[in-house]
1. Could you grab me the full set of residues in segment 215-230 that are in a loop (DSSP other than H, G, I, E, B) and exposed (fewer than 15 other Cβ atoms within 10 Å of the Cβ)?
2. Only one of Arg107, Arg120, Arg91, Arg103 is of a type in the set (D, E, K, R), surrounded by fewer than 18 Cβ atoms within 10 Å (Cβ to Cβ) and under 14 Å from the mean Cα position of the chain (by Cα). Can you tell me which?
3. Does Glu197 meet the test of being acidic (Asp, Glu) and surrounded by 14 or more Cβ atoms within 10 Å (Cβ to Cβ)?
4. Being within 17 Å of Asp102 (Cβ to Cβ) and not aliphatic (A, V, I, L, M) narrows it down to one of Lys164, Lys228, Lys135, Lys201, so name that one.
5. Taking segment 44-75 on its own, how many of its residues are touching a strand residue (DSSP E or B) at 6+ places or on another chain (Cβ under 7 Å) and under 17 Å from Asp115 (Cα atoms)?
6. Trp98 is checked against (1) crowded, with 19+ Cβ neighbours inside 10 Å; (2) over 22 Å from His202 (Cβ atoms); (3) among the hydrophobic types (A, V, I, L, M, F, W, C) and fails just one. What number does that condition carry?
7. Failed condition for Lys56, given (1) assigned to a helix (DSSP H, G or I); (2) charged (D, E, K, R); (3) over 26 Å from Glu139 (Cβ atoms), with all others met?
8. When you look at Arg161, is it among the charged types (D, E, K, R), in contact with an Asp or Glu (Cβ under 8 Å, 6 or more places away or on another chain), over 18 Å from Ala212 (Cα atoms) and buried (at least 20 other Cβ atoms within 10 Å of the Cβ), yes or no?
Amino acid sequence: MDVESERRKMLAQIEKLADADHRRGMEMAVPTTLRIYGLRVPQIRDLAKAWSREHKTVSRSDLLALFEALWAGESREELILASELLQRYKRFIPDLEWAHFDRWRRRLDNWEVTDSLGQRILGPWILSQPEPRVKHLYELIQDENVWSRRLALVATTWLNRGRKDLSFPEVTLELVDQVRQERHPMITKAISWALRELTKKHPDDVARYLDANREELAPHVVREVRNKLTTGRKT
């Protein structure tokens, strides 16, 4: 497969779908140094779906090469498309190595791409072999980079919903506990998300944690998680 040719074709499709009006809204909602063409996520997913239909037998090496080419791109759309593409080939995710994620996280500079990588790729990768891999979340949560810390928290949302018979309350609460006093909005919002997701299977654990740490957690976290526990809704 000519990886560069495929990358150029995808970029041409992105450029064709560019939406100036939506771009302006995205620039406010997702501050980033990346270029924004203004595609909606469903449009990006449609591009990934169409490509995967035409390349059902793509090799792991070719797919990862295309991922890397897109991940090195200049736009928000290219990075999200990379995650969406790889997610469509779930059979390749378990064989990834931590070195991939350790490299990919260096490009994160906004919540949208971070959440895409965390939910679509990192979460499923850890869930495929939890015991040896969950340790990397503890490394991320201690990183000085805010996006690496958010990545760790976001990954737990997939760990706690990816399988009906498995969840990770202890891991989730331990990760949250390490950043409970932070007030960076990208961290407090991720804490709220992680705890709200955990309420679906472990409401009592979350309630106890909330009661014990309500003075240290951000007020909006306490409010949103409490609402989730009592009403089933965030607000």
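1. Going through segment 215-230, the residues in a loop (DSSP other than H, G, I, E, B) turn out to be 215-218.
Scanning segment 215-230 gives Glu215, Glu216.
2. Values: Arg120 fails: surrounded by fewer than 18 Cβ atoms within 10 Å (Cβ to Cβ); Arg91 fails: under 14 Å from the mean Cα position of the chain (by Cα); Arg103 fails: under 14 Å from the mean Cα position of the chain (by Cα).
Matching residue, one of Arg107, Arg120, Arg91, Arg103: Arg107.
3. Values: acidic (Asp, Glu): yes; surrounded by 14 or more Cβ atoms within 10 Å (Cβ to Cβ): yes.
Spelling it out, Glu197 is indeed acidic (Asp, Glu) and surrounded by 14 or more Cβ atoms within 10 Å (Cβ to Cβ).
4. Numbers: Lys164 fails: within 17 Å of Asp102 (Cβ to Cβ); Lys228 fails: within 17 Å of Asp102 (Cβ to Cβ); Lys201 fails: within 17 Å of Asp102 (Cβ to Cβ).
The conditions single out Lys135.
5. Residues that pass the stated criteria total 1.
6. Failing condition for Trp98: (1).
7. The number of the failed condition is (1).
8. On the way: among the charged types (D, E, K, R): yes; in contact with an Asp or Glu (Cβ under 8 Å, 6 or more places away or on another chain): yes; over 18 Å from Ala212 (Cα atoms): yes; buried (at least 20 other Cβ atoms within 10 Å of the Cβ): no.
Considered against the rule, which asks whether it is among the charged types (D, E, K, R), in contact with an Asp or Glu (Cβ under 8 Å, 6 or more places away or on another chain), over 18 Å from Ala212 (Cα atoms) and buried (at least 20 other Cβ atoms within 10 Å of the Cβ), Arg161 comes out as no.
The values are calculated or read from the model by the stated rules, or taken from the named source; none is laboratory data. What you are looking at is a predicted structure, and each value in this text was computed from that prediction instead of being measured. Glycine also receives a Cβ, built like all others from the backbone with ideal geometry; neighbour counts cover every protein chain displayed.
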